[in-house]
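See below for the structure under consideration.
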Amino acid sequence: MTVVIPNPYGANPPSINYRITNLKLFSMQRISFTLFFCFMAVISTFSQTLPEWQNTDIVEVNREDPHATRFSFDSFEQAIEGEKNASGNYMTLNGPWKFHYSDNPGARPVDFYQTSFNDSDWDQIDVPSNWEMKGYGIPIYSNTPYEWTLKPNPPEIPTENNPVGSYRRTFNLPEAWNDKQVYIHFGAVKSAFYLWVNGEKVGYSQGSKTPAEFNISSYVAEGENQVAVEVYRWSDGSWLECQDFWRISGIEREVYLEARPEIHIHDFFSKAGLTSDYKTGMLDLDVEVRVLAGKAKGSYTIDANLISSVGEEIWAKELALEKIEKGVLTASFSDLLGDVKLWSAETPDLYTLVLTLKDGEGNELEHLSSRVGFRTSEIKYGKLLVNGKAVTLKGVNRHEHDEYEGHVISEEIMLKDIELMKLYNVNAVRTRHYPNDPRWYELCDQYGLYVVDEANIESHGMGYNPKRTLGNNPLFTLSHLDRTIRMVERDKNHPSVIIWSLGNEAGDGVCFDATYDWIKQRDLSRPVQYERATSGRNTDIFCPMYMRIPDMVKYVERQPDKPLIQCEYVHAMGNSNGNFMDYWDVIEKYDQLQGGFIWDWVDQGIAQKTDDGTKYWAYGGDFEPEDVHNDGSFCLNGMVFPDRTVHPSIYEMKRAYQNVDFEAVPVNQGVVKVINRHDFISLEGFDLKWELTAAGVVVESGVLESPEVGPAGSAYVDLGISSGVEDPSKEYFLNLAMVTREEAPMIPAGHEVAGGQFAMNPAAATSVCTEEFAKKGSGEVSFVETKTVLTVQVPGGEIQFDRATGQMTSYVMNNKELFSAGPTPNFWRAPIENDFGNRLEVRCAMWKTFGEELTLQTLVPAEIEGMVVLVAEYIHPENSSNYKVAYHCNSLGEVLVSVEFTPSADNFPEVPRFGMSMVVSEGFEKLEYFGRGPHENYIDRKHSSHVGLYSSSVDEQYVPYITTGENGNKCDVRWLTLSDGQGNGLMIKGSPTIDFSALHFSQDQLDREVRDGAHTIDLERSEQVFLNVDWKQMGVGGDNSWGARTHSEYLLRAEPMKYSYVISPL
């Protein structure tokens, strides 16, 4: 039974000022009148007994109507600059506030808002901030369930365990504001709050990701004033805030005061579109003016001026205001502007619209401004068109996350995100799953990112059953509408917003009928999407989650009337993002497949320190007590780490998202086809760099100005290569890079936007010939045996093998022991997140100790044609599978290792890897190799990793994913060396290629029994090098992380396999 907390307003609460008055917004066609009136009767009863934070019928009290992001400036020049901090009408309330934390509403200081209240013993807290990040209460990470209960029973909200934060501060009202209206602005407060000024109750608001503003003119006085805020961690609004992120609380965005004249511009809607020729600009402008003190005296006008990016006025208009109701004046008009510069993610050309309110005598009362971008966004011919062209959204989902501050995001972090997105070819962002900070949209307008703006609505914890989901529950229609309206009204003037999203994972039904219909009557300039509507009435775009490639193809082959754009795909949890290029091979093949949004952008790790001061990132379960549900490491799904350093998979994303492709036709003649996949720009601002390598060494290179290939066009380019494959024994590769010629915003000159590589003579990569291997060297090679050891003797060293196991135990050359442990069979990898998701650790458990369990049957040494050959044959004691290793040792001390495996049955599960592991002695830190790199790559994630000659340290090979697991692999490696920098060490040569990893952590260290609980920081670095030399390792997968398996073409089947490699001393 829910305990009812007394209503803070007493018996006579202030009237509710809410914009929704038309019952049609409740989709009455779908709700019977009987049900509706029963619903209203129930609501009426609740309203009389419950406080606002428990009452679904109340989402605000005395809150101002929502409006576009705007600010009142003192001058026309200030308005053009658009910096509100420079305006005399602005006062920030960010900074330290007095703060008191209570465990529940019953324990809160009820009279704290009184001006006489003594808060001298209270703490201070920064505003904005999440109080859990400042040491009050606990952060809770949950994916699907509600964080306060696993047995949801809406609209009940906990009262015994529902923390309350009480905030107090003072401010001094400027003398210049005495005759002005004063508003207080809260950018975002989680989840609900009450406001007092100078001891008087002002109002209430819930819905935590859009602004709440209150007119406090009648509450403030000259000189010092006091503001008090009471924030509830959970309210009935929290039923719609069940997003997959940290559930934390507080005043999350900026707080400020704004002064306005008594007659001022409340709102405006500037629709900067195009006529049907997609060239001529068309500006539709609606302006709403509020008259707050008596009647408007005389006439009022709006001067509208459009200013170009270089400060030129290109259009001006005077608009007469008309009265439509008491206290409201409006003006509307449409005009054609001729040829204008178009806004797109590729060409983010902006104008500045300045609105000046004047009285009848020509006095300027105030100035407002907004950046304007002329563009269209529409669904036509079953495709999403921007400016008349079908665009492909190369997107990411982005949570607002800071490793130290939680949901409080600085402009510095926003700019870093945009810089990385531009550098790695992202052109679209979905604001998962709530409207982001308003500054984010301004930056997306400025730098060019398409935005899917999503309402702060998710009720995933209730499921999708129509009888249960809140999306079909009339009790929550008001809340759904309120959140949707506030988003649209706030962000409607941003050209970057090309799609509205109704929410995420919140079921479907009458509530979304209402929100979809409201948007359609308010804004026809953008399509609307909603994933749970599938392809039904409440979405203009089919935007599924994690649809597999075959199903995508089936959808478009039916020639649907809606494009397919995945709102989430390619789950980036840990070492993931395999088969990414396979998605894009299909997307680029079908016109109605128009991209998708990777889940997701940033790992939501929270920075912590160990007792010795070492930083690490915490995740779900690191804060929550045992009786509080958490979803562990499922918050770690990013393309970048919490500090914005990048995951290796981001290079594969960059490759898949690149807007220039290359085809070699034919490659050995030095002619390439350059394909421009941009939608709006040509390639005239780029240079084409090329280089020809032989065995990894550049033998010729050049730079050409890119041909002026238009959008979606192509051209053949003769690179002018003068040399060819002059040494057939070496592998030759042609490397191509399209680079920027000049610096651009966020993009430096010389930045590679697209790359490609072509093998000129692939047949040069050959296997080791046993006969030639035997002829190498001129010294003698022999062996001696004891009961326990077999020793192969070569000039300058010896190699020892254990007679009981058949394994190499020592490799000494030039008095240096190269191995701490020789090669041993390895069929396992430390599970990654996707492996745990599909239960590989259970399904494939037989392979974990399979190599250790092999039993030696025979070890036969022989001297054959200048070599010592040892053949060790094994059998598995439980299933009789056969495993054989042949060691060919020549007089140079080289060892040709040949491995064969024959499983005894055809129904074994897939094999995680087929290879051998060994431990290299300490001191051999310098790594060089010829293979795919320089970043980590796998069989299903290697398109971005060109074959080349690379060098690094062993330390640099480790990828510090926040949880432990397999990492650091390199594919298609011809050879590698590990050395001490003084010429000592060893070489491993593939026959023809191998996969390898070289780390200071063992596979056993990286392994874990369960998905959650392990942290990279827990690993203890060894001085030794743990070297895996594999034929192959299965792919990492990435369709999702909760069941999807690695694609079949990237699996290792349990079938006969063999490979060879050579170990050589340096």
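What to note about this one:
- Boolean, TYR141 is touching a Lys or Arg at 6+ places or on another chain (Cβ under 8 Å) and within 25 Å of ILE216 (Cα to Cα): no
- Taken over region 1011-1038, the criterion of being of a type outside the set (A, V, I, L, M) and closer than 22 Å to TRP847 by Cβ is satisfied by ARG1011, PHE1026, ASN1028, ASP1030, TRP1031, LYS1032, GLN1033, GLY1035, GLY1037, GLY1038.
- Wholly enclosed helices (runs of 4 or more DSSP H) of region 811-892 bearing at least 3 residues in the same structural domain as SER1048 (by TED's automatic domain parsing) and surrounded by fewer than 22 Cβ atoms within 10 Å (Cβ to Cβ): 840-843, 850-853
- Members of region 91-120 found to be in a loop (DSSP other than H, G, I, E, B), within 36 Å of the chain's Cα centre (by Cα) and farther than 30 Å from GLN181 by Cβ, listed by number: ASP103, ASN104
- Condition met for PHE908 (among the aromatic types (Phe, Trp, Tyr), in contact with a strand residue (DSSP E or B) (Cβ under 7 Å, 6 or more places away or on another chain) and in the same structural domain as ALA821 (by TED's automatic domain parsing)): no
- Residue list for region 560-599, filter: in a loop (DSSP other than H, G, I, E, B) and either hydrophobic (A, V, I, L, M, F, W, C) or outside the structural domain of GLU419 (by TED's automatic domain parsing) (or both): ALA572, MET573
- Residue list for region 451-491, filter: in a helix (DSSP H, G or I), closer than 27 Å to ARG439 by Cα and of a type outside the set (Val, Ile, Thr): SER479, HIS480, LEU481, ASP482, ARG483, ARG486, MET487, GLU489, ARG490, ASP491
- Residue satisfying all of: in region 121-157; of a type in the set (Ser, Thr, Tyr) and not in a loop (DSSP other than H, G, I, E, B); surrounded by the fewest Cβ atoms within 10 Å (Cβ to Cβ) among these: SER142
Each row is one residue, and each column tells you yes or no for (1) touching a Leu at 6+ places or on another chain (Cβ under 8 Å); (2) of a type in the set (A, V, I, L, M); (3) more than 19 Å from ASP955 (Cα to Cα).
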position: ASP995; (1), (2), (3): no, no, no
position: LEU1006; (1), (2), (3): yes, yes, no
position: VAL1010; (1), (2), (3): no, yes, yes
position: GLY1013; (1), (2), (3): no, no, yes
position: GLY1043; (1), (2), (3): no, no, yes
position: SER1064; (1), (2), (3): yes, no, yes
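- Unique match (being closer than 30 Å to ASP417 by Cα, touching a Ser or Thr at 6+ places or on another chain (Cβ under 6 Å) and not β-branched (Val, Ile, Thr)) among GLY755, GLY710, GLY777: GLY710
- Within region 629-649, being closer than 30 Å to PHE680 by Cβ and either in contact with a helix residue (DSSP H, G or I) (Cβ under 8 Å, 6 or more places away or on another chain) or surrounded by fewer than 22 Cβ atoms within 10 Å (Cβ to Cβ) (or both) holds for MET639, VAL640, ARG644, VAL646, SER649.
- Contact annotation: residue pairs with Cβ atoms under 9 Å, 6 or more positions apart or on different chains, pairing a residue in region 997-1010 that is more than 19 Å from CYS844 (Cα to Cα) with a partner that is buried (at least 18 other Cβ atoms within 10 Å of the Cβ) and basic (Lys, Arg), are SER997/LYS970; ALA998/LYS970.
- Test set (1) farther than 30 Å from ILE413 by Cβ; (2) not in a strand (DSSP E or B) - HIS629 fails condition number: (1)
- Residue in region 600-612 that is over 27 Å from ASP1012 (Cα atoms) and either of a type in the set (Val, Ile, Thr) or not in a strand (DSSP E or B) (or both) present: no
- Just one of the listed residues (GLU1049, GLU1023) is modelled with pLDDT of 95 or more and part of a loop (DSSP other than H, G, I, E, B), and it is GLU1023.
- Failed item in (1) under 18 Å from GLU458 (Cα atoms); (2) over 19 Å from the mean Cα position of the chain (by Cα); (3) part of a loop (DSSP other than H, G, I, E, B), with TYR516 passing the rest: (3)
- Candidate set from region 768-804 (those that are assigned to a loop (DSSP other than H, G, I, E, B) and of a type in the set (D, E, K, R)); member that is surrounded by the fewest Cβ atoms within 10 Å (Cβ to Cβ): LYS787
- Selection of region 992-1023 for residues being hydroxyl-bearing (Ser, Thr, Tyr) and crowded, with 20+ Cβ neighbours inside 10 Å yields THR993, SER997.
- Residues that are within 25 Å of ARG1053 (Cβ to Cβ) and at pLDDT 95 or above number at least 2 in the following strands (runs of 3 or more DSSP E) confined to region 913-999: 913-920, 926-933, 970-979, 985-999.
- Residue that is surrounded by the fewest Cβ atoms within 10 Å (Cβ to Cβ) [pool: residues in region 228-263 that are of a type in the set (Gly, Ala, Ser) and within 26 Å of GLU411 (Cα to Cα)]: ALA259
- Filtered residues of region 492-513 (kept if under 16 Å from GLU454 (Cβ atoms) and either of a type in the set (Gly, Ala, Ser) or part of a loop (DSSP other than H, G, I, E, B) (or both)): LYS492, HIS494, SER496, SER501, LEU502, GLY503, ASN504, GLU505, ALA506, GLY507, ASP508
- Single residue of region 158-175 satisfying the filter (charged (D, E, K, R) and over 17 Å from ILE251 (Cα atoms)) that is surrounded by the fewest Cβ atoms within 10 Å (Cβ to Cβ): GLU175
- When LYS297, LYS323 are screened for being surrounded by fewer than 20 Cβ atoms within 10 Å (Cβ to Cβ), at pLDDT below 95, of a type in the set (D, E, K, R) and in a strand (DSSP E or B), only LYS323 passes.
- Tallying residues that are under 30 Å from SER235 (Cβ atoms) and either assigned by TED's automatic domain parsing to the domain that holds VAL488 or not in a loop (DSSP other than H, G, I, E, B) (or both) within region 68-90 yields 2.
- Taken together, ASN153, ASN198 contain a single residue that is on the phi < 0 side of the Ramachandran plot and polar (S, T, N, Q), which is ASN153.
- When residues of region 1000-1020 are limited to those that are of a type in the set (Gly, Ala, Ser) and closer than 18 Å to TRP617 by Cβ, the one modelled with the highest pLDDT: ALA1014
- Options ARG537, ARG490, ARG486, ARG522: the member that is outside the structural domain of ASP349 (by TED's automatic domain parsing) and closer than 30 Å to LYS589 by Cβ: ARG537
- The residues in region 184-227 that are among the charged types (D, E, K, R), surrounded by fewer than 24 Cβ atoms within 10 Å (Cβ to Cβ) and in a strand (DSSP E or B) can be counted, and the count is 4.
The values are calculated or read from the model by the stated rules, or taken from the named source; none is laboratory data. Remember, it's a predicted structure, so these values are computed and weren't measured experimentally. With ideal geometry, Cβ positions are generated from the backbone for all residues, glycine too; neighbour counts draw on all protein chains shown.
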